[in-house]
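The values are calculated or read from the model by the stated rules, or taken from the named source; none is laboratory data. Nothing here was measured: the structure is a model prediction, and the numbers come from that model. Virtual Cβ from ideal backbone geometry, glycine too; neighbours counted across all protein chains shown.
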Amino acid sequence: MSKDFLAIISLTLVVVAVPVLSVFQSNNLAVAEEVSSSSESSVSEVLPTLLEVKSVVSEEFSVSTTRTEPKNNSYVFSRDYFKVYDKGSEKIINVSVDDYVLGAIAAEMPSTFHREALIAQGISALSYAVFNANRAEALPNGADFEVNISKRQGYITEDRIKEFYGDSWEYHYNKIKDAAEVAKKYVMTYENEPIAAAYHAISSGDTEASENVWGEALPYLSAVPSSSDILAKDYSTTVIFSPEELKEKLSIIKPKLLPDTDTWLEIISRSSSGYVTEIRVGNQSMSGLDFRNILGLRSSAFTITRQGKAFVFTVNGYGHGVGLSQNGADYMARQGIGYKEILEHYYKGATLSEFSTKG
């Protein structure tokens, strides 16, 4: 795995940060991306829940609904804490593994999701945290990775959980803690090392391969079916820009745009999962991911139509689409599928391993 890729995959793309041009910019939150990007909106709004739960499991989830625990697979981390840079307070704090797993679940997934999905989320977050802590290239400030506690990005404290859930905090906290007690015991590994366990809110219906987002293929971050995501609230969203609005948004890259607005945009290629991989903007070509960030779209799985002079973007899913789909995990869990099988579905070829520390 190249050093450049290790640097790229550790970056976050917060959906509200529309000035960013590239995956190479921004900070070092988990590759979960924008799962809790607004400090003013509720977690359930940021992570839409399923509209309904079907009674029949899709054939794409060809896994057993009987829980199986890992056997003879284990990983030992060199310490029992993470060095976490909190962007909000601009301080590096030591967070115990136990506290991190609980706080990561609370930050990244609503407690209304199924217990098995919450556990899967916790294992994904822990796997990514250890992967990041093991990188040869540390952050310049010496931290393992970056979070923003005040904005519920990556990790939040118990006080922040209380503040967010209000009078009912104890119920939600206990549900999250119950999931964390299981999740902290495991990581997903590939070739005996914790994986870069990317996750996102809602896929396009299929998850995206890592090479289409970060430029390098990882075998456990390949495209897999997640068709239940089409049931998620706000799976499909529409954004409309007038020519003047679109031109203003695109001014950051300074493209040459002809008077004929029909010539401004052209989708050149898509991945097999439906995400735009290349788009022409005037006289420039760029990735669908960069274009998505400029316009603040929920994902790069979009189509473009015209409504009079206006540009209409129909967007499917929410997030970069790589790795575990959080809504897909919730759907699978509600069909009786356990966290191990959920994780093995989304991280193909990775192994659920017992986790412990030397601390």
**OP:** Tally the residues that are part of a loop (DSSP other than H, G, I, E, B) and either free of Cβ contacts under 8 Å to residues at least 60 places away in the same chain or hydroxyl-bearing (Ser, Thr, Tyr) (or both), restricting the search to region 189-217.
**Re:** 6
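Residues are listed down the side, and each one gets a yes or a no for (1) farther than 17 Å from ALA333 by Cβ; (2) aliphatic (A, V, I, L, M):
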position: GLU191; (1), (2): yes, no
position: PRO194; (1), (2): yes, no
position: ALA201; (1), (2): no, yes
position: LEU221; (1), (2): yes, yes
position: VAL224; (1), (2): no, yes
position: ASP229; (1), (2): no, no
Original post:
Do you know which residues across region 259-307 are surrounded by fewer than 15 Cβ atoms within 10 Å (Cβ to Cβ) and among the hydroxyl-bearing types (Ser, Thr, Tyr)?
Top reply: THR263, SER269, SER272, SER285, THR303, THR305
**OP:** Find the residue count for region 51-82, including only residues that are touching a Leu at 6+ places or on another chain (Cβ under 9 Å) and either at pLDDT 95 or above or farther than 21 Å from ILE123 by Cβ (or both).
**Re:** 4
Subject >> Whichever residue in region 79-94 is acidic (Asp, Glu) and exposed (fewer than 15 other Cβ atoms within 10 Å of the Cβ) and, among such residues, is nearest to LYS184 (Cα to Cα) >> reply: ASP80
Original post:
How about region 253-311: which strands (runs of 3 or more DSSP E) wholly inside it have at least 1 residues that are of a type in the set (Asp, Glu)?
Top reply: 265-270, 276-281
Original post:
Quick one: would you say TYR186 is surrounded by 14 or more Cβ atoms within 10 Å (Cβ to Cβ), without any contact (Cβ under 8 Å) to a residue 60 or more places away in the chain and among the aromatic types (Phe, Trp, Tyr)?
Top reply: no
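Take PRO225 and decide whether it is surrounded by fewer than 20 Cβ atoms within 10 Å (Cβ to Cβ), touching a Ser or Thr at 6+ places or on another chain (Cβ under 8 Å) and not assigned by TED's automatic domain parsing to the domain that holds ALA350. Show your work before the answer.
Values: surrounded by fewer than 20 Cβ atoms within 10 Å (Cβ to Cβ): yes; touching a Ser or Thr at 6+ places or on another chain (Cβ under 8 Å): yes; not assigned by TED's automatic domain parsing to the domain that holds ALA350: no.
Here the answer is no, as PRO225 does not meet what is asked.
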**OP:** Answer yes if at least one residue in region 267-276 is assigned by TED's automatic domain parsing to the domain that holds PHE131, under 26 Å from PRO110 (Cβ atoms) and out of contact with any Pro (no Cβ under 8 Å at 6 or more places or on another chain), and no otherwise.
**Re:** no
Original post:
Exactly one of (1) touching a helix residue (DSSP H, G or I) at 6+ places or on another chain (Cβ under 7 Å); (2) at pLDDT 90 or above; (3) not β-branched (Val, Ile, Thr) is unmet by LYS87. Its number?
Top reply: (1)
Subject >> Criterion (touching a helix residue (DSSP H, G or I) at 6+ places or on another chain (Cβ under 6 Å) and over 18 Å from ALA209 (Cβ atoms)) met by exactly one of LEU352, LEU257 >> reply: LEU352
**OP:** Could you please find all residues in region 312-351 being assigned to a strand (DSSP E or B), crowded, with 24+ Cβ neighbours inside 10 Å and of a type in the set (A, V, I, L, M)?
**Re:** VAL322, LEU324
